[in-house]
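Working notes, beginning with the structure itself.
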Amino acid sequence: MDLGIQGKTALVFGADSGIGWNTARILLAEGATVVVSDLDQSQLDNSADQLEAPYGRLHAFAADVTSAASLADLHTRVRDAVGEIDILVQSSGVTGAQGLFHEIDEQGWLDTIDVDLMGPVRITREFIGDLRQGGWGRLVYLVSEDASQPYDDELPYCAAKAGVLSFAKGLSRTYAKEGLLVNTVSPAFIHTPMTDAMMKKRAEETGQTFDEAIASFLDDERPYMELQRRGEPEEVANVIAFLCSDLASFVNGSNYRVDSGSVATI
């Protein structure tokens, strides 16, 4: 399918693995020039090597989303390498502090919000000027089912993701008339390093195998995921890529759930 982004320039955060990496792969295949970013340059380079060979048009620059100075430095490197960007995908994040409310201290809340809410705010502040140029732009935030269906053992993450959902909706009202469309994608329990770590921990704590831990998690914690499996990163990346495209020219301020029905409400 032709997404109509041949010659566009995209910046994808959280692209050293999983959903971000697969999003970068699809955008490259569709003819975009892509800059990928994540926290660790070495790991990012290893991931980028898997993308560079078949496609080219790829640059990899590390940055820390908790640092405005680091993002400003990234912007300079991006501008020197490819000029202004047309597409921004914010896929970076952490699970953050976990436990019941009374078990999480203030620092746990602050650290989680600093990455998962303020990270997107800082990124947007730094690159919004690029996206407002030229009358065409796409901004997509990776949120989570947790934004609309919170879980009691990860409330800092849930609250931060709900904040991003509201933040994105507000931005969509501000900039649409300039041609910048802002949307979000909310996945649930995707096959990524983050959920691998969660399931490994669950297996160790319960004495189950890794696969048994996944099955029991689905039964106990995600009963509305009707397909009864983890989603694959490319299944989310396909939706992100659509929202980055010319095909989504009338989609603005929307939240696309890619969750196998996990969110129980309409």
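Each value in this text was obtained by applying a stated rule to the coordinates, not by laboratory testing. Computed from a predicted structure; not experimentally measured. Neighbour counts run over all protein chains shown; Cβ positions are idealised from the backbone, glycine included.
Considering VAL263, VAL258, which residue is more than 26 Å from GLY4 (Cα to Cα) and in contact (Cβ under 8 Å) with a residue 40 or more places away in the chain? Step through it out loud before you land on a result.
Numbers: VAL258 fails: more than 26 Å from GLY4 (Cα to Cα).
After applying the criteria, what remains is VAL263.
Give me the residue from the range 244-254 that is surrounded by fewer than 21 Cβ atoms within 10 Å (Cβ to Cβ) and in contact with a Lys or Arg (Cβ under 8 Å, 6 or more places away or on another chain) and, out of that set, farthest from GLY137 (Cα to Cα). Even if it seems obvious, please write down each step before you answer.
The first filter runs over the range 244-254 and keeps only residues surrounded by fewer than 21 Cβ atoms within 10 Å (Cβ to Cβ), leaving 246-254.
The next check asks that each one be in contact with a Lys or Arg (Cβ under 8 Å, 6 or more places away or on another chain); those that pass are 248, 253.
Working: ALA248: 11, GLY253: 13 Å.
Checked the range 244-254; the qualifying residue farthest from GLY137 (Cα to Cα) is GLY253.
Please pick out the residue among VAL140, VAL89, VAL121 that is assigned to a helix (DSSP H, G or I), under 15 Å from the mean Cα position of the chain (by Cα) and among the aliphatic types (A, V, I, L, M).
Working: VAL140 fails: assigned to a helix (DSSP H, G or I); VAL89 fails: assigned to a helix (DSSP H, G or I).
Within the list VAL140, VAL89, VAL121, the selection yields VAL121.
Please name all residue pairs, on different chains or six or more residues apart, with Cβ atoms under 7 Å, provided the first residue is in the range 165-179 and is surrounded by 19 or more Cβ atoms within 10 Å (Cβ to Cβ) and the second residue is among the aromatic types (Phe, Trp, Tyr).
Cβ pairs passing all conditions: ALA168/TYR141.
Which residue, of ALA241, ALA197, ALA215, is small (Gly, Ala, Ser), under 25 Å from ARG25 (Cβ atoms) and either surrounded by fewer than 17 Cβ atoms within 10 Å (Cβ to Cβ) or in contact with a Cys (Cβ under 6 Å, 6 or more places away or on another chain) (or both)? Write out each step before concluding.
Details: ALA241 fails: either surrounded by fewer than 17 Cβ atoms within 10 Å (Cβ to Cβ) or in contact with a Cys (Cβ under 6 Å, 6 or more places away or on another chain) (or both); ALA215 fails: under 25 Å from ARG25 (Cβ atoms).
On inspection, the qualifying residue turns out to be ALA197.
So how many residues does the range 125-145 have that are in contact with a Leu (Cβ under 7 Å, 6 or more places away or on another chain), buried (at least 18 other Cβ atoms within 10 Å of the Cβ) and free of Cβ contacts under 8 Å to residues at least 60 places away in the same chain? Please lay out each step first, then the result.
Going residue by residue through the range 125-145, those that are in contact with a Leu (Cβ under 7 Å, 6 or more places away or on another chain) are 126-127, 131-132, 137-140, 143.
Now restrict to residues that are buried (at least 18 other Cβ atoms within 10 Å of the Cβ): 126-127, 131, 137-140, 143.
Narrowing the set further to residues that are free of Cβ contacts under 8 Å to residues at least 60 places away in the same chain leaves 126, 131, 137, 139.
Residues meeting the conditions: 4.
Being more than 17 Å from the chain's Cα centre (by Cα) and within 17 Å of LEU139 (Cβ to Cβ) is the filter here; which residues of the range 34-74 pass it?
Result: LEU74, single match.
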